[in-house]
Amino acid sequence: MTAFGYARWAALATALVNTEPGRRHPDLLTAPADLAALLRAHDEPEPVDPDGTDLRDAREARKAFSEIFDAAPTEAALATKLNALLARSARPRLVTHAGVPLHLHVDAPGSSWGGWLAASGAMGLALLVAEHGADVLGRCAAPDCRDALVRTGGGPARRFCSATCASRVRVAAHRAAARAQGRGGNPAAE
Ligand SMILES: [Zn+2]
């Protein structure tokens, strides 16, 4: 497993945003079981036992993360949103448990799962932005998707969240061009 540490926190924050209802799916975070599934899908060790309070706080964190992705890549707006979330959720400290070496906890002691998501996700996204720049965070360019995405690979900035979205948009563009030709339009003039 390579994704422990802040990359995993950032991935969780991104996945949390993408549970928001959109044109392609309903709200995917409406029950504590949905939150448990999200946490387990990101290798959160047991016990994973969220309740209604955790769900409420996770939905609040989702809204904050969504606004952060919307603010990117404008540096000032992104920093303002991220700093506000860090200020109200994060309290980084070194922790030791029996048999576990010193490690970093980012949330305040006694936080709910949602509070943990807010703090760890905010720290994960902040470290990503500090390392890669403000356009490391973005949204899928497919108008019917708009999922949050993280661009850490090299090469040109990724526009789509997935190959599925990229090919769907490409096919739609081809069809539109073909329709324009069928009507006797001249796509070359567009
Ligand atoms: Zn997409």
Suppose accessible area is computed on protein heavy atoms with a 1.4 Å probe; arrange CYS165, CYS145 from highest to lowest. CYS145, CYS165
Around LEU104, with a cut-off of 15 angstrom between Cβ atoms, what is the net charge of the other residues, counting Lys and Arg +1 and Asp and Glu -1? +2
How are the Cα pair distances of segment 18-128 distributed, in percent, across 5 Å bins from 0? 2, 12, 19, 22, 20, 15, 7, 2, 1, 0
Inter-label distance, nm, simple model (7 Å from Cα along the C-beta direction), ALA166/LEU102: 4.4 nm
Using the Kirkwood formula on the Cα atoms of the chain, what hydrodynamic radius do you get, in angstrom to one decimal? 18.2 Å
Using the alpha-carbon atoms, what tilt in degrees (0 to 90, nearest 10) does helix 75-89 show relative to the longest principal axis of the chain? 30 degrees
For segment 6-140, report the accessible area per residue in Å² (1.4 Å probe, heavy atoms, rounded to an integer). 49 Å²
Segment 3-56 and segment 97-130: distance between their alpha carbon centers, rounded to Å: 15 Å
Counting only the heavy atoms of the protein chains, how much of THR164 is accessible to a 1.4 Å probe, in Å² to the nearest 10? 90 Å²
Report the normalised scattering of segment 62-107 as log10 I(q)/I(0) at q = 0.14, 0.23, 0.24, 0.25 Å⁻¹, calculated by the Debye formula with identical scatterers on the alpha carbons. -0.47, -0.76, -0.79, -0.83
To the nearest 0.05, what FRET efficiency results for GLU75 and ALA7 with a Förster distance of 22 Å applied to their C-beta separation? 0.55
Can you tally the net charge around ALA163? Count Lys and Arg as +1, Asp and Glu as -1, for every other residue whose Cβ sits under 14 Å from the Cβ of ALA163. +3
Say we join alpha carbon atoms closer than 10 Å with springs in a Gaussian network model of the chain; which of ALA108, ALA98, ALA90 then has the biggest fluctuation? ALA98
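List the relative contact order of the chain as a percent without decimals, with contacts defined as Cα pairs under 8 Å and 6+ residues apart.
It comes to 23 percent, rounded to a whole number.
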Along the charge dipole of the chain, which of SER162, LEU39, VAL95 sits closest to the positive end, that is, farthest toward it, with unit charges on the beta carbon of Lys, Arg, Asp and Glu (+1, +1, -1, -1)? SER162
Length added when fully stretched, ASP135-ALA177, from 0.36 nm per residue minus Cα-Cα: 12.0 nm
Using the basic label-point model (7 angstrom from Cα toward the beta carbon), what is the ARG24 to ARG40 distance in nanometres? 2.5 nm
Please determine, in degrees from 0 to 90 and to the nearest 10, the orientation of helix 6-17 with respect to the longest principal axis defined by the Cα atoms of the chain, where the helix direction is its Cα long axis. 60 degrees
Need the full-extension length gain, ALA87 to GLU60, defined as separation in residues times 0.36 nm minus the C-alpha distance. One decimal, nm. 8.2 nm
Tell me the accessible surface of HIS174 in square angstrom (1.4 angstrom probe, heavy atoms of protein chains only), to the nearest ten. 130 Å²
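The values are calculated or read from the model by the stated rules, or taken from the named source; none is laboratory data. Because the structure is predicted, anything quoted here is derived from the model rather than measured. No Cβ is skipped: glycine too gets one built from the backbone with ideal geometry, and neighbour counts run over all protein chains shown. In case anyone asks, the SASA skips ligands and DNA or RNA and just uses the protein heavy atoms, side chains included. Shrake-Rupley method; radii C 1.70, N 1.55, O 1.52, S 1.80 Å.
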